[in-house]
1. Where the only charges are on Cβ atoms (+1 Lys, Arg; -1 Asp, Glu), what is the dipole of the stretch 21-285 about its Cα centre, to the nearest 20 debye?
2. Divide, for the stretch 107-212, the radius of gyration over alpha carbons by 2.2 N^0.38 Å, where N is the residue count.
3. Please build a GNM for the chain, connecting alpha carbons under 10 Å apart, and tell me which residue among 17, 77, 352 fluctuates the most.
4. Note the direction-averaged projected area, equal to a quarter of the hull surface, for the Cα convex hull of the stretch 110-151, in nm².
5. Measure nothing but the geometry: give the 0 to 90° angle between the long axis through the Cα atoms of 173-193 and the longest principal axis through the Cα atoms of the chain, rounded to 10°.
6. Below 8 Å between Cα atoms, with a sequence gap of 6+, how large is the relative contact order for the chain in percent?
7. What is the local net charge at residue 17, summed over the other residues whose Cβ is closer than 12 Å to its Cβ (Lys, Arg +1; Asp, Glu -1)?
8. Against the 2.2 N^0.38 Å scaling, with N counting residues, where does the stretch 317-394 land? I'd like the Cα-based Rg ratio to two decimal places.
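The values are calculated or read from the model by the stated rules, or taken from the named source; none is laboratory data. Keep in mind that this is a model prediction, so the values were computed, not measured. Cβ coordinates were reconstructed from backbone atoms using ideal geometry, including for glycine residues, and neighbour counts include every protein chain displayed. The protein model used for the area step is the full one, side chains on, heavy atoms only, and it has no ligands, DNA or RNA in it. Shrake-Rupley method; radii C 1.70, N 1.55, O 1.52, S 1.80 Å.
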Amino acid sequence: MIAPVPFTPPVGLSPSNLNVAKERTYHLWVVVLSVLFWGALAITVIGLFYAVFIGFFLWLGNGLLIAYLRAEAVRVNEKQMPELFACFKSVCEQFGLKQMPSLYVLQSGGLLNAFATRHSGRDFVVVYSDLLEALGTDSPELRFLLGHEIGHIKSRHIVKQILLAPGMFFPLVGPAYRRAWETSCDRYGAFAAQDVGAALRAMLILCGGKQYGRHLDAAVYAGQHYEDRGFFISLHELTSSYPTLSRRVTDLLALKDGAPGRRAPRHWLAYCLGAFFPGGGVGSGSPATALIMVLVIGMMAAMAIPAFTKVRETSQLKACYNNERMLESALDQYLLENGKGAGEWNDVVGPNGYIKTMPVCPSLGTYSAGHDEKAGYLVNCTKHGSVHDAPPQTR
Ligand SMILES: [Zn+2]
Ligand SMILES: [Zn+2]
């Protein structure tokens, strides 16, 4: 059996430096992109309407998730799983949380996961039962997990996830920002555990499962981060909203001596192709991120559809006006050659007419003609009216 990583306190971590510098940089980018998007949305009134509409459904979905937790999951308190509650309370106090989040244990058929969410001004932490079984109800490994989730709450990531959703949808920068969150929160976890070995064991359980995870060799696993640095690994990293597990293990290992984890190089082509993969938290643990995806796609569609309809209508109008002009000149020509006006369309349209086949209005209007002494023939469409009555820019 492999010797586990012995007790090692993390070097250089303090409550004030848990969020990595990169998170602040990407935050600025995402804020700028989001402000531009929300601004554009406010200008198009219809966009604002859709935002309120979709926002309502987002709120409804989150409310139902909370209801599900309250009714189906196990609420942890002094009487229910007291050991776990005491551990959670101690981690909350360690980070100086003013209001303790509600903690729930959820049975999820073997999934090893945990997430933090928020509803109506209250924070929630959810731990899946299989992960709890693997980590124990009071252990430094569990403190790592709880510290990670409290890191999300302390850093206000859940509120940011909604307000900054448009910016996070942008390729490269959005996923990079999300990855920085996770890197920061792993540091919160390591600080909560006060033991790098425990943090690694908790992380290796996520990698290798309940039974074998805690016996994995962290250094060997971290080595995977530097192997096979090809195009696809780079693309996977750039488009993912989580750092790869081997990368997270690398970063945790680096906390043993306080040095930053060594970065593996990425393939340049992956950046080019990665620019076409939108962010938005695909593959993240929280069900709210799926809803946020819907929100952002919906808003983009809401802005694109009216613009598309407008372009289509204008092009139909112009095509119809062209038909009218063609019919008018045919009627004028008939009058000139025959000395009398045409009696019906067949006089000018047909195999022997000026126009071979009757032009069709793109909106399926029908054409009628009238004669004016001064203006000559005027053709009218039942859908679009006459080109002569149209404002100049649409003619
Ligand atoms: Zn996380
Ligand atoms: Zn028409």
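1. Around 580 debye, computed over the stretch 21-285.
2. 1.11
3. 352
4. 3.0 nm²
5. 20 degrees
6. Once normalised by length, the contact order is 18 percent.
7. That sum, taken over residues with Cβ under 12 Å, equals +1.
8. 1.06
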